[in-house]
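So the structure is just underneath, and the comments pick up after that.
The values are calculated or read from the model by the stated rules, or taken from the named source; none is laboratory data. Please read all numbers here as calculations on a predicted model, not as lab measurements. Neighbour counts are summed over all protein chains in view; Cβ atoms, including those assigned to glycine, are modelled from backbone coordinates with ideal geometry.
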Amino acid sequence: MGDPGIRTFTGRCDCGGVRYRIDGPVRNIIECHCEPCRRISGHHLAATAVANGHLHLESQETLAWYQRTPTVRYGFCSACSSTLFWRADDKADRTSVFAGTLDGPTGLVATEAICASEAGDYYHIDPDLDVQAGDRALEIPY
Ligand SMILES: [Zn+2]
Ligand SMILES: [Zn+2]
């Protein structure tokens, strides 16, 4: 398992309308292959997670939220359509941050794939990951 460690990360959407900084510990990367993540990302999502107090939105003028269910929402840029964040009411103290929006090198490691049973049939999930057919808890365990 990658040791998340405490350091500063920065990230942004493609157009830069949404910029963020992380100054606290982050989790290793978990891939989610569930159908909503597949459709919203166009493939699958890979995310770290951080306590909200360590996530600082330095620019959010174009940040919008797609309320997927009454308790789950995805944060995206309304200008360039980058998908950046995921939040769930039952994990209200944390935000999942989509790994592809981080500035590299991240030094982070993907360790797990969840909802593998819902993955698209056109690719193979890395067998070196801890692959789980379902969602362990409620959707993504972030
Ligand atoms: Zn943007
Ligand atoms: Zn998902």
Condition first: more than 15 Å from the chain's Cα centre (by Cα) and over 20 Å from ASP23 (Cβ atoms). Now tell me which residues in the stretch 82-110 satisfy that. ASP89, ASP90
Over the stretch 67-87, the set of residues touching a Gly at 6+ places or on another chain (Cβ under 8 Å), touching a residue at least 24 places away in the same chain (Cβ under 8 Å) and within 16 Å of ligand 2 (Cβ to nearest atom) is THR83, LEU84, TRP86
Among residues of the stretch 88-116, those that are surrounded by 15 or more Cβ atoms within 10 Å (Cβ to Cβ) and without any contact (Cβ under 8 Å) to a residue 40 or more places away in the chain, counted: 0
Just to be sure I understand, how many residues within the stretch 65-106 are out of contact with any Asp or Glu (no Cβ under 7 Å at 6 or more places or on another chain) and either more than 16 Å from ligand 1 (Cβ to nearest atom) or assigned to a loop (DSSP other than H, G, I, E, B) (or both)? 23
Report every pair of residues separated by at least 6 positions or lying on different chains whose Cβ atoms are under 6 Å apart, first residue within the stretch 29-43 and within 16 Å of ALA110 (Cα to Cα) and aliphatic (A, V, I, L, M), second away from ligand 1 (no atom under 16 Å from the Cβ) and in a strand (DSSP E or B). ILE29/ALA46; ILE29/THR48; ILE29/ALA110; ILE30/GLU112
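Mind listing whichever residues of the stretch 68-82 are of a type in the set (Val, Ile, Thr) and surrounded by fewer than 14 Cβ atoms within 10 Å (Cβ to Cβ)? First the steps, then the outcome.
To start, the set of residues in the stretch 68-82 that are of a type in the set (Val, Ile, Thr) comprises 69, 71-72.
Across the stretch 68-82, the qualifying residue is only THR69.
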Mind checking whether some residue in the stretch 59-67 is over 24 Å from ILE125 (Cβ atoms), β-branched (Val, Ile, Thr), modelled with pLDDT of 95 or more and exposed (fewer than 15 other Cβ atoms within 10 Å of the Cβ)? no
Hey, can you tell me all the residues within the stretch 118-136 that are surrounded by fewer than 17 Cβ atoms within 10 Å (Cβ to Cβ), among the small types (Gly, Ala, Ser) and within 12 Å of ligand 2 (Cβ to nearest atom)? GLY134
